């Protein structure tokens, strides 16, 4: 199956790009129709017409939903890049119209967001009049594709992640051990000694599966013959995690620096043990380029100062 001769650009419209990306993200015609505020038949008709025009199958209809073919995945990748560039062009025009002098898009781990982002924005705002800053929280694995596409200027992520390619620049910021936390007044806090058997009586609040931290926790449990309680919650949201821990007797795992922040606010209490040899290697990740040199030099300087001032070294 080959694409017929002709100008591919002339065959693709903006709505096609949006539809392809939405189908890849939602894998459902009905959800794409809702997302794009059009009817389901309109989505199906547009996809069929595009596949016919290009003479390629872009998606397979399976019991799991819409699965992109190899050709479809390739076209979707380019569609994402084009949409990202169009968003950047729109933003730049908006900045010019509003007289802004700087713009910045950053991705950040939830574990580092509450610790670094407020101080970072405060310092940038103090020196960049009219700075426009966009912050997106997520795991390192979800943020890396957006760094590649240009949606993000840099990531504050986990440098232990295996998918950080050699062509990306990195800079360590701090190491943050993983510790266990509960609500203030939790029954476990009244025990003189706490064993994992005691913890297993309560629901566990853990990072989602397939994250670096969760993999390390699962490995620790396996090495010590600890059975993961059937009652456990997977969550990467700090706001949700704090709310769940304060409302229930669940036992959560948080980065030590973040746990200390919530303990200082009397929102949570730490249990008297940590998960040994499990920590976040928090650092900067970016795509090196001559155009970004000044920006990243400034970002590194600001974050180094914040870490030195506000992040205590691990015990």
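The values are calculated or read from the model by the stated rules, or taken from the named source; none is laboratory data. No experiment lies behind these values; they were computed from the predicted model shown. Heads up, the Cβs are rebuilt from the backbone with ideal geometry, glycines too, and the neighbour counts pull from every protein chain shown.
Before moving on, here are some points about what is shown:
- Condition check for residue 15: assigned to a strand (DSSP E or B), at pLDDT below 90 and surrounded by fewer than 16 Cβ atoms within 10 Å (Cβ to Cβ): no
- One residue stands out in the range 65-81 among those that are assigned to a helix (DSSP H, G or I) and in contact with a helix residue (DSSP H, G or I) (Cβ under 7 Å, 6 or more places away or on another chain): the one that is nearest to residue 15 (Cα to Cα), namely 79.
- Counted residues, the range 45-64 - those being surrounded by 15 or more Cβ atoms within 10 Å (Cβ to Cβ) and either under 17 Å from residue 14 (Cβ atoms) or within 31 Å of the chain's Cα centre (by Cα) (or both): 7
- No other residue among 47, 23 is without any contact (Cβ under 8 Å) to a residue 40 or more places away in the chain, assigned to a helix (DSSP H, G or I) and in contact with a strand residue (DSSP E or B) (Cβ under 8 Å, 6 or more places away or on another chain) apart from 47.
- Top-ranked residue in the range 186-202 [being in contact with a strand residue (DSSP E or B) (Cβ under 8 Å, 6 or more places away or on another chain) and within 17 Å of residue 275 (Cβ to Cβ); ranked as surrounded by the fewest Cβ atoms within 10 Å (Cβ to Cβ)]: 194
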